[in-house]
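The values are calculated or read from the model by the stated rules, or taken from the named source; none is laboratory data. Computed from a predicted structure; not experimentally measured. Note: ideal-geometry Cβ built from the backbone for every residue, glycine included; neighbour counts use all protein chains shown. With ligands, DNA and RNA removed, areas are computed over all heavy atoms of the protein, side chains included. Shrake-Rupley method; radii C 1.70, N 1.55, O 1.52, S 1.80 Å.
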Amino acid sequence: MIVALIGVIALVSVNALFLIWMERKVAAHIQLRPGPMEVGYHGALQTVADALKLMGKELITPDEVDRPVYLLAPIIIFLPVLVLFLVIPFSPNLIIRDLNVGILLIFAFSSLTVLSILMAGWSSNNKYSVFGAIRSIAQNIAYEIPLLITAMSIILMVGSFKLTDIVAAQDKVWFVVIQPLAFLLYIICATAETNRAPFDIPEAESELVAGFHTEYSGMRFGLFFLAEYTNMFVVSAVATVLFLGGWRGWILPPVVWFLIKVYAIIFLIMWFRWTFPRLRFDQLITFAWKVLIPLAFVNLLVTALAIKLF
Amino acid sequence: MMLEPGIEEKTFYLNLGPQHPSTHGVLRILLEMDGEFIANSEPVIGYGHRAHEKMAELRTYQQYLPNLGRVDYLHALAYNHGYCLAVERLAGIEVPERAEFIRVITSELNRIASHLLWFGAYLLDLGAFTPFLYCFDDRENVVDILDRVTGSRLTYCYFRFGGVRDDIDDEFIAGCRAFITRLRSRWQDYDDLVTKNVIFINRTRDVGIITPEQALKYGVTGPCLRGSGIPYDIRRSEPYSVYPLFDFEIPIGERGDIMDRYVVRLCEMEQSLRIIEQALDKLPNGPIMAEKVPKRLKPAEGEVYAAVESGRGEFGTYIVSKGDTKPYRIKLRVPSFSNLSIISELIKDTLVADMVAILGSFDLVIPEVDR
Amino acid sequence: MVAYFREMFVGLWSLVAGMAVTIRYFVRPIVTVQYPRQKLTMTPKYRGHIELIMDPETNTHRCTACGMCVRTCPSSLITVEGVKVKKKKLPVKHVIDYSYCSLCGLCVEVCPTNALKFSNEYRLAGYQRQDMVIDLMARLDAERATVGLPPLPIPTPESEEETTSAEEKA
């Protein structure tokens with residue numbers, strides 16, 4: 001178990017460092033510039049240097065904050081993320097605990113993120129932070145519903161919450177082929193769940209400066225940052241399991257296939273970010289309740305009907 | 001500041017600026033918020049005050065030239081032009097035709113640079129990062145072309161009383177023509193990436209509507225006025241320089257919302273390209289400086305007002321001369337200042353996100369407001 | 001109902017079109033320059049700080065320390081001191097405080113002997129204000145050294161009274 005924990009922490013940090021580098025490279029090349037080039041080969045070690053700098057920074061605690069809550073928030077955002085890795089099946093053997101409610105565990109713990117955002121925003125005693133926190137809660141509630149419903153249509157087809165069972169059910173054809181609408185809805189909701197652009201309303205920098213983490217500095221801010229990228233990895237991993245056949249592939253070992261698919265989805269999410277402008281807050285909520293949720297329900301009903309008929 | 005304390009406790013104050021990512025400078029807007037809605041607001045200006053008008057009283061006419069490029073650094077050549085125009089009218093200096101053509105070409109190039117920068121920075125306000133870099137790629141071309149003839153890349157000090165400082169060469173003309181083709185090939189990409197984007201349309205359609213009456217009441221000029229459907233452009237309504245020789249349109253909007261202002265600016269860039277093209281075709285030979293411009297300029301006693309169309313609207317220079325080498329008083333009528341005055345009325349009862357979108361759509365240059 | 005789906009599809013299509021643009025740019029070559037490693041050449045008319053022209057015939061400057069540039073400078077950042085040598089005035093000191101310069105070019109235009117030009121120097125960062133004070137005579141000496149000439153001799157006045165500061169005169 002301890003080995004597993006160390007493994008997870010190592011994976012989380014390396015993955016976050018890689019993703020930040022990847023994000024910067026993707027952004028740079030979309031914008032016709034090279035991105036980080038100085039530290040390491042093509043700036044590969046740039047994020048390591050940045051992380052070291054972040055650790056060396058002074059942790060500033062403003063006077064008027066609600067201290068216990070303020071200090072707890074970065075920890076609360078990070079812990080559930082570690083738990084999520086318990087059930088992700090990287091390959092048939094490489095899975096820490098193959099729980100029979102795996103997918104439920106992931107959705108349950110990933111909703112905890114919003115609690116910590118609320119704590120951070122409220123305790124910071126900053127108007128911009130409160131705005132960010134309130135927006136974040138409304139957004140997460142609105143987008144969790146379609147996210148769960150789309151996942152439910154897959155679970156209906158498989159008949160199990162177990163992630164390995166879901167992968168096993170895709171031995172002939174990936175679910176993305178059968179359920180393209182569900183895949184699209186899932187990707188949109190996942191982007192919103194991880195507060196990524198164009199749904200980055202809680203930290204909309206041109207309006208709220210930095211949103212809920214305005215008052216955090218040093219490694220406390222680093223933890224929020226780390227959690228964001230790890231969350232991105234988790235939602236992409238779940239998308240891979242649900243729609244892209246998990247570790248399934250040819251020639252290359254299963255783990256490699258799994259990671260290729262995960263990073264492909266992450267690239268897609270990054271591609272969104274560097275293309276679209278940000279939605280307005282009320283449009284975002286309207287979009288969730290008037291478009292995504294009805295579509296998700298229709299998709300679920302059609303799936304249920306199809307299962308009943310055939 | 002001027003606002004009354006909240007009548008009910010449900011409102012609170014939010015200080016937007018002077019250091020805030022979307023005020024583009026040191027503008028502060030005091031907002032009285034009712035949740036995410038703005039109940040009242042008050043722009044507070046003056047953080048970047050540099051006393052440009054007072055400086056003019058202490059300097060000779062020539063010595064004031066470099067100041068103009070710093071009032072509005074984004075469309076510096078229009079400011080050069082406006083001031084030179086006023087002094088030339090005051091002192092009765094005739095500008096040779098070639099110099100006028102060069103003035104128009106460089107000034108229109110600068111207008112494109114200014115609009116491109118607005119386009120990019122505005123998308124940045126709305127949360128899209130990438131168009132900003134694409135615009136800067138294009139803008140870099142303009143700046144390179146202007147660098148070749150004016151010697152600087154931002155705060156130009158190129159126009160002189162009676163002409164321009166340096167002549168343009170063939171490489172400049174070739175660069176201009178290459179740039180015209182290049183920018184025209186980019187419109188399609190900008191359309192696909194931004195103009196047709198459903199998120200962008202939702203953010204800008206029917207948001208921040210300026211009615212024509214409001215615009216006239218507040219003295220709004222430039223693309224903001226034309227977005228409201230009033231075809232007022234100094235280049236047409238009070239022609240200066242050689243603008244009457246060229247065939248170009250004044251794009252106007254219908255509804256007066258942000259989208260209309262955006263479309264007006266994009267169309268204006270295309271019209272500027274047309275003007276440059278025609279000017280390059282008709283470019284006459286001849287001197288670039290008027291003869292007999294005295295080194296110590298001493299205009300006769302009198303007053304003069306000259307207006308030019310800058311990227312943001314009407315830029316007017318009002319000079320009072322007492323027959324000295326230094327102006328007695330200079331008043332700069334800057335478009336951003338008048339355009340900013342309408343903001344309180346527009347952002348009442350809108351969301352913070354809309355406020356940012358509306359503020360950005362004015363294309364404010366804060367040093368110009370503060371002077 | 002039809003309008004609802006129509007709107008959705010048009011919206012989705014516009015997003016896909018936008019993504020097509022960015023992915024096309026993604027594979028294009030980059031347009032920026034990695035500055036300290038790659039450098040762009042400045043255009044001939046680029047305005048750096050001013051410097052004295054080295055006359056190719058005499059290998060010296062053409063400055064007569066008349067003080068026109070001192071008087072015309074809007075920021076009064078030029079200091080020129082000259083002495084009279086054989087009824088001809090020569091500068092002993094020509095210093096600019098570049099940190100106040102707005103690069104308007106009035107000094108270059110006003111110079112009666114065309115002794116000034118803009119340099120192509122663009123790397124102008126310093127650790128203190130004093131670094132921005134540029135001695136134009138020293139720069140000319142450095143330029144003379146590149147063609148193998150010794151520094152200009154400092155002109156000595158024939159009598160003490162004739163030493164005048166152009167600045168004072170202005």
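Remarks
- Counting heavy atoms of the protein chains alone, C:Y35 has an accessible area of about 110 Å² for a 1.4 Å probe.
- Accessible surface for A:V238 stands near 10 Å², nearest 10, in the context of the full protein assembly shown (1.4 Å probe).
- Residue-averaged 222 nm ellipticity for the protein assembly as shown, from DSSP H runs of 4+ at -39500 (n - 2.57), nearest 500: -16000 deg cm²/dmol
- Relative to the longest principal axis of the Cα atoms of chain A, helix A:2-30 runs at roughly 80 degrees.
- Within the shell defined by Cβ-Cβ distances under 11 Å, the residues around B:L16 carry a net charge of 0, with Lys and Arg each +1 and Asp and Glu each -1.
- FRET efficiency, A:I75 to B:K298 (Cβ-Cβ, R0 51 Å, nearest 0.05): 0.10
- The simple spin-label model puts a point 7 Å past each Cα toward its Cβ; for C:E57 and B:F12 those points are separated by 7.8 nm.
- Using θ = phi - 60° in the Karplus curve 6.51 cos²θ - 1.76 cosθ + 1.60, the 3J(HN,Hα) couplings for the range A:105-113 round to 4, 4, 5, 5, 6, 6, 6, 5, 3 Hz; x is entered for Gly and Pro.
- As a length-normalised measure over Cα pairs under 8 Å and 6 or more apart, the relative contact order of chain C settles at 27 percent.
- For the protein assembly as shown, the Cys residues with no second cysteine's beta carbon closer than 4.7 Å are A:C189, B:C84, B:C135, B:C176, B:C224, B:C267, C:C63, C:C66, C:C73, C:C101, C:C111.
- Accessible surface ranking for B:W118, A:W122, A:W271, 1.4 angstrom probe, highest first: A:W122, A:W271, B:W118.
- Distance between the modelled labels on A:K53 and B:E94, one decimal in nanometres: 6.1 nm (7 Å Cα→Cβ projection).
- Alpha-carbon centroid distance for the pair the range A:1-56 / the range A:104-135, whole angstrom: 25 Å
- Here the range A:78-144 has 72 percent of its accessible surface on carbon and sulfur atoms, given a 1.4 Å probe and all protein chains in place.
- Compared with its chain on its own, the range B:193-217 contains the following residues whose accessible area drops by 50 Å² or more in the full protein assembly (probe 1.4 Å; ligands, DNA and RNA excluded): B:L193, B:N197, B:V198, B:I199, B:R203.
- Computed over chain B: relative contact order in percent, which uses C-alpha pairs under 8 Å that are six or more apart: 26 percent
- In order along the range B:73-86, phi translates into HN-Hα couplings of 6, 7, 10, 4, 5, 5, 6, 3, 4, x, 5, 4, 4, 5 Hz, rounded to whole numbers, per the Karplus curve 6.51 cos²θ - 1.76 cosθ + 1.60 with θ = phi - 60° and x for Gly and Pro.
- Full extension of the chain segment joining B:E345 with B:K331 gains 2.4 nm, where the gain is 0.36 nm per residue of separation less the Cα-Cα distance.
- Modelled FRET efficiency - R0 25 Å, C:Y4 with A:D282, Cβ distances, 0.05 increments: 0.85
- Across C:R6, B:R28, C:R24, the residue with the most accessible area heads the list, and the full order at a 1.4 Å probe is C:R6, C:R24, B:R28.
- Between the range B:155-191 and the range B:82-108, the alpha-carbon center distance in angstrom: 17 Å
- Distance in nm between pseudo-label sites at C:L124 and B:R184 (7 Å out along the Cβ direction from Cα): 3.9 nm
- Computed from backbone phi, the HN-Hα couplings of the range A:138-151 come to 4, 5, 5, 5, 5, 8, 5, 4, x, 4, 5, 5, 5, 4 Hz, rounded to whole numbers (Karplus: 6.51 cos²θ - 1.76 cosθ + 1.60, θ = phi - 60°; Gly and Pro given as x).
- GNM top mover of B:Y218, B:Y262, B:Y243 - chain B, alpha-carbon springs below 10 Å: B:Y218
- Computed accessible area, B:E301, all protein chains, 1.4 angstrom probe, square angstrom: 140 Å²
- Amide proton proximity set for B:R329, modelled H, under 5 Å, gap of 5+: B:V320
- Computed FRET value (nearest 0.05) for C:S99 with B:D324, which takes r as the C-beta separation and R₀ as 35 Å: 0.70
- Percent accessible area from carbon and sulfur atoms, the range B:113-205, protein chains only, probe 1.4 Å: 55 percent
- Less than 5 angstrom separates the built amide H of B:R160 from those of B:R165, all sequence-distant by 5 or more or on a different chain.
- Charge sum, other residues only, whose C-beta stays under 13 Å from A:D165's C-beta, Lys/Arg counted +1 and Asp/Glu -1: -1
- Taking the longest Cα principal axis of chain C as reference, the axis of helix C:136-146 is set at about 90 degrees.
- Relative contact order (%) - criterion: Cα under 8 Å, at least six apart; region: the range A:2-309: 24 percent
- Distance violations [Cα-Cα > 28 Å] among B:K10/B:K348; B:K292/C:K117; A:K127/B:K54; B:K322/C:K93: A:K127/B:K54; B:K322/C:K93
- Set of lysines with alpha-carbon distance to A:K162 below 28 Å, sequence-local pairs under 8 removed: A:K172, A:K261, A:K308
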